[in-house]
Structures are given as structure tokens and as C-alpha cells.
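Step one of this worksheet: look at the structure below.
Any read-out appearing in this document is the output of simple, stated calculations on the displayed coordinates, not a laboratory observation. The structure displayed is predicted, hence computed values, not measured ones. Neighbour counts run over all protein chains shown; Cβ positions are idealised from the backbone, glycine included.
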Amino acid sequence: MLEVIENEVKLPSYKLASRITHPDDTIIHLKNTSIGGQNLTVIAGPCAIENEYQMISTALAVKASGATILRGGAYKPRTSPYSFQGLEEEGLILLKKAGELTELPTVSEVISTETFDVVEKYVDILQIGARNMQNFPLLKRAGKSNKPILLKRGMSATIEELLMAAEYIMSEGNKQIILCERGIRTFETYTRNTLDLSAVLALKELSHLPVIVDPSHATGRHNMIEPLSKASIIIGAHGLMIEVHYQPELALCDGPQSLRPESFEKMMQSIRQLSTIEGHDIKQLKQTKS
């Protein structure tokens, strides 16, 4: 991706996202947590916000187990037009309430420029999902926001294309970007996608931006989430994004890839032990459950 011409290094097209122009790791600071550097962050919560009880109970559970950021989908881009599309602003209100109750920063997906302002009003981090990674008007709008952007790799996108999507945002002024590997589409059908852990290493080499992994969407299988979360930490991911639901069999969205709160708690215990060995800073992964 870099060319050497007459002993001079030619900068890649993603100049702002490149580690050549910004050697030090970017660290994004939020209330009570930081993303990047030696910090390890865990984002957790339901794929889709369904009702107040579900959102609040899940938020309390993931906070007690040590999660640092609360997730919840209010606008859901689905493959089928007949699938649950989310509670929209009503869901964002519930997410904000849950975030305030648990004192956790919140993240939710924004799917269009038309709804960007309403999502921005309620959450601390705005997520641009895999299907919108190359939605250039949306990327440009995100670049004008003063809030961090969690940018997911498209299911058929190369690493360079992901970095160029980040460059779109950065070129408009917003330098607070979190990159997310969430699996890519291959010929394999056993898992929902194919988790590309090599992308984490490549992104950390090529860019200064923090990189997290979403094993929930990558596999679509709850039994694979803990092992692949551990693998992600071993190779140096700055964080994880995990789907948690108190009754996955009744979930309106992606139940098979959601952990129950008790499984999430068990995973977090293992994560803390492994992270200590790997040298991550886990002060923010405080377990509050007695």
C-alpha cells in the first residue's frame, strides 16, 4: 500500500488515517472510559432495543459484569423489509435512559443523513454499519459531527477501502474514529461471516486509529463469541463489541448470536484474566456485581 519512489515514501491515499503521518495511537476519551492505546474497552447490549424492561435489565447486567460502553440498535437496516426495523427515536430515548442509569456511554447505529441529527442528539458514539461503510454522504455528515464514529468494515470491503472510508470522515474534520472488524463475506456458510483477525494486525500497522472486533456479527453463533473474543485480545484489539440479550430465543433481531447475561459475565471474567497477561489496561473493566 506504500510506494517507495527514489528513496522517498509515497503517502497512501488515506493520509489522515495513516500511521506514517500520525505515529502515535489515537485515544478517544469518553465519560468514564477511553478507547485506544493500552486501554481495553467492551461494548455490550442488545442488537435491537425492544422495550424498556429489556433495555434497562440488559444495561444493568452488562454494567455489573464490567462493560464500559452500552450498545442498542434503534434504527435497524435489515436484509428483509419484513424484519423488525427498530423503535427509532423511541428506542434512542430508552437507550439514553439506560445509559444515564448505568453511567455508561452509549452507541447506536445511524443509517441515513436524514436521521443523523436525531441519533446524534441521544448517543455518545455514532455507529456506521457495514452496509453503509461506503455511503459517502453519510460519511461526510459524520465528519461534521463532534462525536466519535464507530465505523464497521463492509462485508466485502478491503482493508484499504475501510481506511478510505475513515478518511472521508476525517477529511471533514472529525478525527475521532473507531474501526471495527465484524467479519467479511466468503464462500463459507457455517458462520454468518468470516472473522478476519489478520485485519486487526494490518489496521494497527497501517493506522493510528483504535480497532475493535465484533465477534457476534462475525460468527452469528453465541458459542463462538468467547473464544474469538479471547483471540481478538491476544492479537491486540483495543476492544470488543458483544450482543447480549436476557432471552435470546425471543429476540426480535439476531437472537442466535446473543449471549445471555450470565454467559457474558463468565466471558468478562476470562477477558480480565487474559488481558492482564497480555498487558492491557483493564482498570475500566470494573465488575460491580457482588
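Net length available on complete extension from residue 231 to residue 205 is 7.6 nm, with 0.36 nm assigned per residue and the Cα-Cα distance removed. For segment 210-283, just say rounded, prolate or oblate: build the C-alpha gyration tensor, square-root its eigenvalues into a ≥ b ≥ c, call rounded for a/c under 1.5, and beyond that prolate if a/b exceeds b/c, oblate if not. It is prolate, given that a/c is not under 1.5 and a/b is the larger ratio. Shown is the FRET efficiency for residue 25 and residue 247, computed with R0 = 41 Å from the Cβ-Cβ distance and rounded to the nearest 0.05: 0.60.
Taking segment 142-165 and a reference point 7 angstrom along Cα→Cβ of residue 117, the backbone N atoms nearer than 17 Å belong to 142-147. Placing dummy labels 7 Å off each Cα toward the beta-carbon, the span from residue 136 to residue 189 is 3.5 nm. Packing-based ranking of 269-282, 148-161 yields 148-161, 269-282, ordered from highest to lowest mean Cβ neighbour count within 10 Å. What the Kirkwood sum gives for segment 144-274 is a hydrodynamic radius of 15.4 Å, with every pair of different alpha carbons counted.
One chain, two ends: residue 32 and residue 161. Fully extended at 0.36 nm per residue, the span grows by 43.2 nm beyond their Cα-Cα distance.
For P(r) over Cα pairs in 5 Å bins from 0, in percent, the value computed from the atomic coordinates appears in the list (i) 1, 5, 10, 12, 12, 10, 9, 8, 7, 6, 5, 4, 4, 3, 2, 1, 1, 0, 0, 0; (ii) 1, 5, 10, 14, 16, 16, 13, 9, 5, 3, 2, 2, 2, 1, 0, 0; (iii) 1, 6, 13, 18, 20, 18, 13, 7, 2, 1, 1, 0, 0 under label (iii).
Segment 57-136 and segment 239-268 have Cα centres lying 16 Å from one another. Amide H contacts of residue 281: 39, 40, each under 5 Å away and 5 or more positions distant or on a separate chain (H built 1.01 Å from N in the peptide plane; Pro and chain starts excluded). For residue 144 and residue 286, what does the FRET efficiency come to when R0 = 35 Å and r is the distance between their Cβ atoms, rounded to the nearest 0.05? According to the calculation, E is roughly 0.55. What full-extension length gain, to one decimal in nm, is calculated for residue 273 and residue 11 as 0.36 nm per residue of separation minus the Cα-Cα distance? Residue separation times 0.36 nm, minus the Cα-Cα distance, leaves 90.4 nm.
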